[in-house]
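Here the structure is laid out as structure tokens; the discussion comes afterwards.
Derivation of every value follows stated rules applied to the coordinates shown; laboratory data play no part. This one's a predicted model, so the numbers in the text were calculated from it and none came from an experiment. Cβ atoms come from the backbone with ideal geometry, glycine included; neighbour counts cover every protein chain shown.
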Amino acid sequence: MNILITGGTGYIGSHTVVELIKVGHNVIIVDNLCNSDIKVLDKIEIITNIRPIFYSFDIKYSTLLDDLFTKHKIDAVIHFAALKSVGESVTMPLEYYENNISGSIILFEIMKKHNVKKIVFSSSATVYGDPATIPITEDFPLQTTNPYGFSKLVIEQLLRDIYNSDKSWSIALLRYFNPVGAHQSCLIGENPNGIPNNLMPYIAQVASGKRDFLTVFGSDYNTHDGTGVRDYIHVVDLAIGHIQALKYFETHGCELITVNLGTGVGYSVLDVVNAYQKASGQTINYRLAPRRHGDIAICYANPTLANKLLGFKTQFGIEQMCLDSWNFQKNL
Ligand code: NAD
Ligand code: UD1
């Protein structure tokens, strides 16, 4: 298939591109490089021996997107392009709504115009807000407290409305838990600009000596060691979930599915610190601090539906996630 990947030079997008090429798909990337580096294309080429077709523009430029769909016969779209920092979305809500929601509307309009009706969308466990119980199943109530999360909720709803109006669409809403780790080649991974917001990239920088210590946000949660618990999923496992979603549509035709992509296992901040120390052989200094505003105590998936519908089963445990993150960090 010819697959258009929006945000394909980003963290999850680049890993998905590699897996798509591996199974023989033709990949076309559109990315405005607002949070990624063009050098990722060289890395993808080294890993796969194939350089994907690349367009550098903002998906909000409808004329350019229209031209792209005219030039290439696109069979399906995987839509990663978005701004993704929760904290930043609180200070820049308009930019988040404009980029994530307006960008998606333009993409869906152009898809409709060109009769491309197959899409896999990057949603997030953030749409569950603070769940009443765990593990989280897809039928839990949706709620969110920040513009980033709200942009994901709106795009999900847009896609549900599109499907309700025209049942010839195939739509997968994939709700990711906490993607971490890197490709085993050490060539692609997550390398945020500035101070990392997320746990694993921060630990990686402490391990490499770039930062002195990790601040552990909250040690008084009702968890086994008092620190927050999350469902960390290896980015390569996550990437494979997208290929399985596309495959699902080959056998099931037009449908809208909503699926959690997580492992079903929760690890605390200190569990991750310990696993990273073991994987890297480095000491991770940390200091306990008050809770981070907006954080929840425990969040992990019930991955049963992903397994049932897509055959999704994660291969990599926390040890491999830490090891691959570390190997990538050392290689920077
Ligand atoms: P990322 O920032 O690494 O990748 C996103 C890519 O989209 C970047 O390369 C960026 O340059 C590009 N982009 C952004 N806006 C664009 C636009 N208007 N036009 C063209 N390109 C644009 O992020 P990621 O971690 O790879 O996340 C991919 C998707 O998964 C996002 O939609 C994100 O919200 C979602 N998600 C991520 C996580 C996570 O923890 N990483 C968790 C849940 C959901
Ligand atoms: C964050 C986002 C969420 C997004 C997810 C994946 C917030 C409030 N939520 O989730 O919307 O889907 O990333 O990108 O930002 N921690 C520390 N010290 C740190 C960093 C994190 O102790 O320096 C702790 C956090 O308190 C949390 C855990 O580590 O308990 C994981 O944090 P993080 O990696 O930021 O992910 P989430 O908060 O789960």
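Tabulated data for the structure shown
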| item | result |
| --- | --- |
| Fluctuation leader among THR91, THR16, THR314 - the chain, Gaussian network, Cα springs under 10 angstrom | THR91 |
| Under 5 Å, built H, 5+ apart or other chain: amide partners of ILE29 | ILE5, ILE53, PHE54, TYR55 |
| Cβ-based charge dipole, the chain, positive-most Cα from GLN143, GLY281, PHE217 | GLY281 |
| Protection proxy ranking, peptides 199-205, 187-193, 62-68, average beta carbon neighbours within 10 Å, highest first | 199-205, 187-193, 62-68 |
| Cα-based helix-to-principal-axis angle, 269-280 vs the chain, degrees rounded to 10 | 90 degrees |
| Folded to 0 to 90 degrees: helix 103-113 orientation relative to the chain principal axis, Cα | 30 degrees |
| Proximal lysines relative to LYS117, as straight alpha-carbon distance under 22 Å, when same-chain residues fewer than 8 apart are discounted | LYS60, LYS71, LYS73, LYS152, LYS167, LYS247 |
| Cα gyration tensor shape of segment 91-150, rounded if a/c is under 1.5, else prolate or oblate by comparing a/b with b/c | oblate |
| Gaussian network model of the chain, Cα within-10 Å springs - most flexible of VAL154, VAL120, VAL236 | VAL154 |
| Taking the convex hull of Cα positions in the chain, its mean projected area over all directions (nm²) | 15.5 nm² |
| Distance from segment 101-176 to segment 268-332 (C-alpha centre basis), Å | 25 Å |
| Fraction of antiparallel bridges per DSSP, the chain only, in percent to nearest 5 | 5 percent |
| Proxy reagent accessibility, fewest Cβ within 10 Å first, across SER85, SER168, SER14, SER268 | SER168, SER85, SER268, SER14 |
| Computed helical MRE - 222 nm, the chain, DSSP H runs ≥ 4 contributing -39500 (n - 2.57), nearest 500 | -12000 deg cm²/dmol |
| Qualifying GluC sites (Glu not before Pro) in segment 236-332, DSSP loop, other Cβ atoms within 10 Å at most 14 | GLU255 |
| Folded to 0 to 90 degrees: helix 39-48 orientation relative to the chain principal axis, Cα | 80 degrees |
| Whole-Hz couplings from phi, Karplus 6.51/-1.76/1.60, listed for segment 132-144; x for Gly and Pro | 5, 9, 9, x, 8, 9, 5, 8, 5, x, 9, 7, 7 |
| Magnitude of the charge dipole, the chain, Cβ model with Lys/Arg +1 and Asp/Glu -1, debye to 20 | 380 debye |
| Of HIS183, HIS15, HIS293, the one that fluctuates the most in a GNM where the chain has Cα springs shorter than 10 Å | HIS293 |
